[in-house]
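Q: The structure is given below, and queries will be raised subsequently.
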Amino acid sequence: LYANSTRIGDTVAGRHNEAAAGGGGIYAQDSTIEFNGRVYNNRAATQGGGIVAMSSAITLTNTSVGGTDEHQANDVTGGIFGAGLYLSDTHALLSNTVVASNTFSSGAGWGGGIVAWDGSVVTLTEGSRIENHHAPNVGWFGGAGAGLLVYSSTVTLDNSQVLSNTADIYGGGIYMVE
């Protein structure tokens, strides 16, 4: 997929994309994505309210995933992983990209901004930010890695910020586990 100045979703209530499983905005498996634009106001039941990428290569340049205005957050409605992006065994480059204010209406969550899972290699550069996420805890579910959850993966932050994220238990900014 090559997309330039593209919107996936809309800021108008009820004009969202929705997936019964993962990837409310985009679901990519064994794929290549080059994207410039906005991914917002999308919903997924299990993971990746904005984007799910499995065994893929993605480049997000000058992109917003979620946002702080009304009807901009991507949302996970029933699951617990990656309200903004869920990446598994994926190479991802985010350049001048903002991942902001994605939510878990499911009540519990890990990795509100980004989940880098199972061998993913993620690089944020050129002023990219992960901000304004909450990782809620319900019972023993969720509550960690509000900005970024890193599981058996590699993440490089170069001239980037992880800020204003809140976890109910561990890793408001970043939670890492092998």
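Q: Apply the Karplus parameterisation 6.51 cos²θ - 1.76 cosθ + 1.60, with θ equal to phi minus 60°, to every residue of the range 138-145 and state each ³J(HN,Hα) to the nearest whole Hz, in sequence, with x for glycine and proline.
A: 10, x, 9, 8, x, x, 9, x
Q: Ordered by residue, what ³J(HN,Hα) values in Hz, to whole numbers, does the range 47-61 give under the Karplus form 6.51 cos²θ - 1.76 cosθ + 1.60, where θ = phi - 60° and Gly and Pro are x?
A: 6, x, x, x, 9, 10, 10, 10, 6, 10, 10, 10, 10, 10, 10
Q: Using amide H atoms built 1.01 Å from N in the peptide plane, name the residues 5+ places from A92, or on other chains, whose amide H lies under 5 Å from its own.
A: Residues meeting the amide H criterion: I58, V121, V122, T123.
Q: Over the chain, average the accessible area per residue using a 1.4 Å probe and give it in Å², no decimals.
A: On the way: 7400 Å² over 178 residues.
Accessible area per residue, the chain: 42 Å².
Q: Rounded to the nearest 5, what % of the DSSP beta bridges within the range 1-153 are antiparallel ones? If you can, show how the numbers build up before the last one.
A: Values: 2 of 55 bridges.
Rounded to the nearest five, the antiparallel share is 5 percent.
Q: At a 1.4 Å probe radius, carbon and sulfur cover how many percent of the accessible area of the range 84-165?
A: On the way: 1390 of 2870 Å².
For the range 84-165, the apolar C and S fraction of the accessible surface comes to 48 percent.
Q: Can I ask one more? Please list the non-local residues whose amide H lies under 5 Å from the amide H of Q29, H modeled 1.01 Å from N, same-chain partners needing a gap of 5 or more.
A: Sorted by chain and number, the residues that satisfy this are M54.
Q: Taking θ as phi - 60°, what are the ³J(HN,Hα) couplings along the range 164-178 by the Karplus curve (6.51, -1.76, 1.60), each to the nearest whole Hz, with x for Gly and Pro?
A: Each residue's phi maps through the Karplus curve to give 6, 10, 10, 10, 5, 10, 10, x, x, x, 9, 10, 10, 8, 9 Hz.
The values are calculated or read from the model by the stated rules, or taken from the named source; none is laboratory data. All values reported here derive from a predicted model rather than from experimental measurement. The area values use the complete protein model at the heavy-atom level, side chains included, leaving out ligands, DNA and RNA. Shrake-Rupley method; radii C 1.70, N 1.55, O 1.52, S 1.80 Å.
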